[in-house]
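Structure incoming, see below.
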Amino acid sequence: MIGTWDVLIVDCPDALSLARFYEELLPMQIVEEEPGWVMLASGPDSRPLLAFQQVEGDYGQPQWPGQDVPQQMHIDVRVDDMDVAEQQVLALGATKTGSDHETFRVYLDPAGHPFCLIKPND
């Protein structure tokens, strides 16, 4: 092992609004906020962090499933009930892609990044 995971940084057009989306989706809260930069963590000194970096100018929203503009990042979120979780993420502003499988469903966050709700067959 060379190191440990510290931070996933996501480019987006509005760092604070996308951080608030993920704050509702995941058991994390905002631990640092500066203009154009927001970090989430699951506790005061916990790692890894999820950070959002505001892109100035033309933001190239990912195109999923196409790869003209690659997805840039992807988060899997484990849930107990995919139907309930789906309604919750849609209410937060996610978009359903229609890519539903037995163990996962793909959505787009408000900045267009794909993420999955997963319920693996244990």
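The values are calculated or read from the model by the stated rules, or taken from the named source; none is laboratory data. Every value quoted in this text rests on a predicted model; they were computed, and no experiment measured them. We place every Cβ from the backbone using ideal geometry, glycine too, and count neighbours over all the protein chains shown.
Can you tell me which residue within the range 9-53, out of those that are touching a residue at least 40 places away in the same chain (Cβ under 8 Å), assigned to a strand (DSSP E or B) and touching a Leu at 6+ places or on another chain (Cβ under 8 Å), is farthest from G98 (Cα to Cα)?
Taking the candidates together, the pick is L49.
Are any residues in the range 94-117 under 20 Å from E23 (Cα atoms) and surrounded by fewer than 17 Cβ atoms within 10 Å (Cβ to Cβ), and if so, which ones?
T95, K96
Please specify each residue of the range 83-119 satisfying the condition of being in contact with a Leu (Cβ under 7 Å, 6 or more places away or on another chain), part of a strand (DSSP E or B) and hydrophobic (A, V, I, L, M, F, W, C).
F104, the sole residue that qualifies.
Among the numbered criteria (1) part of a loop (DSSP other than H, G, I, E, B); (2) assigned by TED's automatic domain parsing to the domain that holds A15; (3) modelled with pLDDT of 85 or more, which single criterion is violated by D80?
Going through (1) part of a loop (DSSP other than H, G, I, E, B); (2) assigned by TED's automatic domain parsing to the domain that holds A15; (3) modelled with pLDDT of 85 or more one by one, D80 breaks only (2).
Under the condition of being aromatic (F, W, Y) and more than 12 Å from the chain's Cα centre (by Cα), which residue from the range 1-42 is surrounded by the fewest Cβ atoms within 10 Å (Cβ to Cβ)?
Taking the candidates together, the pick is W5.
With the structure loaded, tell me whether Q72 is crowded, with 16+ Cβ neighbours inside 10 Å and part of a loop (DSSP other than H, G, I, E, B) or whether it fails that test.
Yes: the conditions hold for Q72.
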